[in-house]
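One structure is given below, encoded as structure tokens.
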Amino acid sequence: MRLKNTLYVVGGGGAFLVFAVPLLWALFRSVQPNDVIVAAPDASTFFHLTWDNFRTLIEGPGNLIRSVGNSLIVALSTAVLTAVLATLAGYGFARFRFRSGPLLFALVVVSMMIPFQAILTPLYLEMNVLRLTDSLLGLVLFYTTVNLPFGVFVMRNSFASVPVELEDSAHVDGCGTLRMIGSVLRPLITPGAATVALYAFLAAWTEFLGALTFLTKDELYTLPVALVNVQAGAYGEVNFGSLVAGSVIAMIPCVVLYVALQRFYVTGLASGAVKG
């Protein structure tokens with residue numbers, strides 16, 4: 001037993017180092033001047049720490065604060081919309097029996113295997129016709145569409161793991177479908193919904209190619225696109241200090257949300273993987 005506990009501690013400590021050391025190293029590098037980052041290690045300057053990188057990003061012409069706000073609006077809207085639509089669709093696939101149900105659900109699962117990069121050109125043409133390019137709303141709809149298949153898959157399996165007798169009792173008491181989902185089933189499907197919301201948020205927060213394709217106005221740029229614009233200096237020289245500082249800013253919401261929703265995330269993934 002003692003050997004087993006020791007192995008657990010060693011394995012857990014090793015996993016912690018694998019994930020924590022790169023984050024701590026990026027945080028440390030973000031408060032170093034750019035010339036120290038690109039130069040050979042020198043003990044006299046290595047621990048010269050400054051907030052100039054963050055100051056340059058915030059006060060620079062790129063207006064990073066506005067880009068962070070755009071990313072928050074897009075990511076939060078995508079997370080909420082994806083979770084709501086996936087919950088409704090997942091309940092329909094899990095509880096309603098209709099002839100084409102298995103085929104439609106199979107198409108949803110198959111669509112998860114198609115990267116959106118493969119259909120980016122027709123997506124752009126369609127969104128341009130609908131006048132949804134250069135629009136945060138269009139970007140939210142695009143991200144929701146891309147993340148919805150995974151969300152439907154998880155929520156369908158989450159509802160399938162709930163006993164039908166619970167819903168029958170609620171119906172006998174006069175509870176409607178929407179009220180039952182919001183009041184009776186909500187505590188049971190919260191892990192799945194949190195998983196879908198967290199997955200959609202992280203995907204929208206870090207996505208670059210779609211935002212670069214559908215947005216051309218500087219005031220609408222999300223954080224990944226803005227970081228590409230501010231990282232380059234004169235003659236193509238990369239400002240690694242600003243780039244690392246921007247990466248630290250970008251990872252803060254991801255780390256906070258993942259830590260806050262970790263228990264729901266693990267439970268929801270397990271439900272989506274083995275139930276149904």
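A compact table of results
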{"quantity": "Length added when fully stretched, Cys254-Met112, from 0.36 nm per residue minus Cα-Cα", "calculated": "48.9 nm"}
{"quantity": "With DNA, RNA and ligands ignored, accessible area of Leu103 (1.4 Å probe; Å², nearest 10)", "calculated": "110"}
{"quantity": "Degrees separating the helix 120-129 axis from the principal Cα axis of the chain, which is the longest one", "calculated": "80"}
{"quantity": "Cα lying deepest toward the dipole's positive end in the chain, options Leu243, Pro122, Pro41, charges on Cβ", "calculated": "Pro122"}
{"quantity": "Helix-only mean residue ellipticity at 222 nm for the chain, each DSSP H run of n ≥ 4 adding -39500 (n - 2.57), per residue, nearest 500", "calculated": "-24000 deg cm²/dmol"}
{"quantity": "Rounded to 10°, Cα long-axis angle of helix 2-30 versus longest principal axis of the chain", "calculated": "50"}
{"quantity": "Area accessible to solvent at His48, 1.4 Å probe radius, in Å²", "calculated": "100"}
{"quantity": "For segment 62-232, size of Cβ-based charge dipole, Lys and Arg +1, Asp and Glu -1, in debye", "calculated": "180"}
{"quantity": "Trypsin sites (Lys or Arg not before Pro) within segment 15-95, DSSP loop, no more than 13 other Cβ atoms inside 10 Å", "calculated": "none"}
{"quantity": "Of all accessible heavy-atom area on segment 16-96, the percent that carbon and sulfur account for (1.4 Å)", "calculated": "75"}
{"quantity": "Solvent-accessible area per residue, Å², over the chain with all protein chains present [probe radius 1.4 Å]", "calculated": "57"}
{"quantity": "GNM result for the chain, Cα springs below 10 Å: residue of Tyr124, Tyr221, Tyr199 fluctuating most strongly", "calculated": "Tyr124"}
{"quantity": "For segment 1-73, average projected area of the Cα convex hull in nm²", "calculated": "8.5"}
{"quantity": "Protein-only accessible surface order, largest first, of Phe19, Phe142, Phe116 at 1.4 Å", "calculated": "Phe19, Phe116, Phe142"}
{"quantity": "Rounded to the nearest 10 Å², the accessible area of Ile181 at probe 1.4 Å", "calculated": "20"}
{"quantity": "Rounded if a/c under 1.5, otherwise prolate or oblate - the chain, Cα gyration tensor axes", "calculated": "oblate"}
{"quantity": "Inter-part distance where segment 155-196 and segment 26-72 are each reduced to a Cα centre, Å", "calculated": "47"}
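The values are calculated or read from the model by the stated rules, or taken from the named source; none is laboratory data. Everything numeric here is computed off the predicted structure, so don't read it as measured data. Ideal geometry is used to build each Cβ from the backbone, glycine not excepted, and the neighbour counts take in all protein chains shown. The accessibility values were calculated without ligands, DNA or RNA, using every heavy atom of the protein model including side chains. Shrake-Rupley method; radii C 1.70, N 1.55, O 1.52, S 1.80 Å.
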